[in-house]
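Report on the following structure.
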Amino acid sequence: MTQSAYVPPKVWTHEAPSGGEFANINRPVAGPTHDKALPVGQHPLQLYSLATPNGVKVTILLEELLALGIHEVEYDAWLIRITQGEQFSSGFVEVNPNSKIPALLDRSVEPPIRVFESGSILLYLAEKFGHFIPADPAGRAETLNWLFWQMGSAPYLGGGFGHFYAYAPEKLEYPINRFTMEAKRQLDVLNQRLAESPYLAGEQYSIADIAVWPWYGQLVRGNLYSAAEFLAAHEYRHVQRWAEVIAQRPAVQRGQRVNRTWGEEASQLPERHKASDLD
C-alpha cells in the first residue's frame, strides 16, 4: 500500500477544488449563492428534488400513498439540478438551510411547513396520512430503528464507499478498503435482519424499507456505483430477495422516474405535476 506524504496543516483553508464529479459545488460555507424563488404548483405538497437515492425515497412514498387512494397526497415535484448548484438558491435555502435534496413544503397548512432531510420527510408524511408506519409502540419503534439506522449508515456508503470507489479523481487503496469493509458490514447487518422477517420492521412494508431500498437494495441489484460484483453482492441473499420484492411494486417503479434526468428515456420524468405525467 502506497500513500502520499501529505501532512495536514495546522489550520485548513479552502484553496482549490477537491476534485471529483461534484468538486464545483463543494464549499466550506452555507447559505445561498444567488437569489431565485422556488416555483410553486397547484398541489398542497411541493417537492424540490432529484432522483438520487435520497430523492427517490420521498417520491416512492408519495406514489405509494397515492396508490392507496389518498388524493390529498397529490404533489408537484420540481427538478433541482444539484450539479448546477440550484440547491444554493435563496428560495431553496429557505426550505432547507442545509442545501441538500430532497426538500418538501407542505402548503396545506398556514403558515406552510418546511420539511427537510429525507428521513424526516418520510416520517412526516407517514404520520400525516397514517400509513407505512405501525400504530403499535413496538412496531413503530422497530420502524424508526431502521429508518434512523439508514440515516446514520448511508453516509458511509455514499460519501465514503461511493465517493472513493466511483467519483474520486484517483483510486486510493486505504479509503476504498476502509469504506468497502463498512459497506459489507452494513449489508451483513441487513442480511441477518432480513433472514428473520420479510421486511425490516417485521411483517409489513414500511418507511424503513422505503428509506433503505434506494441505497442498499439498488446496490445489491447492481444499480448503484456498478459495485455489485466488487462487493460480492450475491452473498447477501436475503437482501437480494427483499430488494427484488420491493422493485416489483408499481409505486416504487413510478417513484424512481420522478425528477430523473438520466438513463433510458422511458425512465425519465424531470418534473411531475399530475398523475397522468407518469402514464
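In the range 197-210, the residues that are more than 15 Å from R249 (Cα to Cα) reach residues that are surrounded by fewer than 24 Cβ atoms within 10 Å (Cβ to Cβ) and acidic (D, E) with C-beta atoms within less than 7 angstrom, at least six apart or across chains, in these pairs: S197/E203; A201/E142; G202/E142.
Filtered by the rule that a residue be of a type outside the set (G, A, S), in contact with a helix residue (DSSP H, G or I) (Cβ under 6 Å, 6 or more places away or on another chain) and closer than 28 Å to D136 by Cα, the range 217-247 gives H238, V239, W242, I246. In summary, E142 fulfils each of the numbered conditions (1) of a type outside the set (S, T, N, Q); (2) in contact (Cβ under 8 Å) with a residue 60 or more places away in the chain; (3) surrounded by fewer than 16 Cβ atoms within 10 Å (Cβ to Cβ) with the single exception of condition (3). Within the bounds of the range 209-218, is there any residue that is in contact with a His (Cβ under 6 Å, 6 or more places away or on another chain) and surrounded by 14 or more Cβ atoms within 10 Å (Cβ to Cβ)? Scanning the range 209-218, I find no residue that is in contact with a His (Cβ under 6 Å, 6 or more places away or on another chain) and surrounded by 14 or more Cβ atoms within 10 Å (Cβ to Cβ), so the answer is no. Where in the range 68-180 are the helices (runs of 4 or more DSSP H), entirely inside, with at least 2 residues that are in contact with a Lys or Arg (Cβ under 8 Å, 6 or more places away or on another chain)? Hits in the range 68-180: 90-95, 118-129. No other residue among E235, E265, E229 is more than 19 Å from the chain's Cα centre (by Cα) and in the same structural domain as E72 (by TED's automatic domain parsing) apart from E265. In this structure, A243 does satisfy being in a helix (DSSP H, G or I) and aliphatic (A, V, I, L, M).
To keep it simple, each residue is scored yes or no on (1) exposed (fewer than 13 other Cβ atoms within 10 Å of the Cβ); (2) hydrophobic (A, V, I, L, M, F, W, C).
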position	(1), (2)
N26	yes, no
V58	no, yes
A77	no, yes
I80	no, yes
Q87	no, no
L104	no, yes
G119	no, no
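Where residues in the range 246-262 are part of a helix (DSSP H, G or I) and farther than 18 Å from I80 by Cβ, which of them is nearest to the chain's Cα centre (by Cα)? Steps first, answer last, please.
Filtering the range 246-262 for residues part of a helix (DSSP H, G or I) gives 246-247, 250-257.
Of the ones still in play, those that are also farther than 18 Å from I80 by Cβ are 246-247, 250-254.
Details: I246: 16, A247: 16, P250: 19, A251: 16, V252: 13, Q253: 15, R254: 15 Å.
So, considering only residues that are part of a helix (DSSP H, G or I) and farther than 18 Å from I80 by Cβ, the one nearest to the chain's Cα centre (by Cα) is V252.
Any residue that is within 28 Å of E74 (Cα to Cα) and touching a Phe, Trp or Tyr at 6+ places or on another chain (Cβ under 7 Å) - is there at least one of those in the range 184-200? Checking the range 184-200: at least one residue is within 28 Å of E74 (Cα to Cα) and touching a Phe, Trp or Tyr at 6+ places or on another chain (Cβ under 7 Å).
Kindly evaluate Y205 against the criterion of being at pLDDT 95 or above, over 20 Å from L65 (Cα atoms), within 18 Å of the chain's Cα centre (by Cα) and among the aromatic types (F, W, Y). The answer is no for Y205. Among the residues here, A233 qualifies as under 21 Å from S153 (Cβ atoms) and either surrounded by fewer than 22 Cβ atoms within 10 Å (Cβ to Cβ) or touching a Gly at 6+ places or on another chain (Cβ under 9 Å) (or both).
Inspect the range 227-237 for any residue being outside any loop (DSSP other than H, G, I, E, B) and touching a Ser or Thr at 6+ places or on another chain (Cβ under 7 Å) and give the result as yes or no. No, because not a single residue in the range 227-237 is outside any loop (DSSP other than H, G, I, E, B) and touching a Ser or Thr at 6+ places or on another chain (Cβ under 7 Å). Cβ separations smaller than 9 Å between residues 6+ apart or across chains give the following pairs from the range 171-192 residues that are closer than 23 Å to G217 by Cβ and at pLDDT 95 or above to residues that are outside any helix (DSSP H, G or I) and not hydrophobic (A, V, I, L, M, F, W, C): K184/Y236; L187/Y236; D188/Y236; L190/Y236; N191/Y236.
The set of residues in the range 181-207 that are within 22 Å of R140 (Cβ to Cβ), assigned to a loop (DSSP other than H, G, I, E, B) and of a type in the set (A, V, I, L, M) comprises L200, A201. Against the criterion of being over 20 Å from Q256 (Cα atoms), surrounded by fewer than 21 Cβ atoms within 10 Å (Cβ to Cβ), of a type in the set (D, E) and in contact with a helix residue (DSSP H, G or I) (Cβ under 8 Å, 6 or more places away or on another chain), E72 qualifies. Residues that are outside any helix (DSSP H, G or I) and in contact with a strand residue (DSSP E or B) (Cβ under 6 Å, 6 or more places away or on another chain): does the range 208-225 have at least one? Looking for residues that are outside any helix (DSSP H, G or I) and in contact with a strand residue (DSSP E or B) (Cβ under 6 Å, 6 or more places away or on another chain), one finds none in the range 208-225, hence no.
Among the residues of the range 183-193, is any in contact with a His (Cβ under 9 Å, 6 or more places away or on another chain) and charged (D, E, K, R)?
Checked the range 183-193: at least one residue is in contact with a His (Cβ under 9 Å, 6 or more places away or on another chain) and charged (D, E, K, R).
The values are calculated or read from the model by the stated rules, or taken from the named source; none is laboratory data. Just so it is clear, the model here is predicted, and its values are computed rather than measured. All Cβ positions, glycine included, derive from the backbone under ideal geometry; neighbour counts span all protein chains shown.
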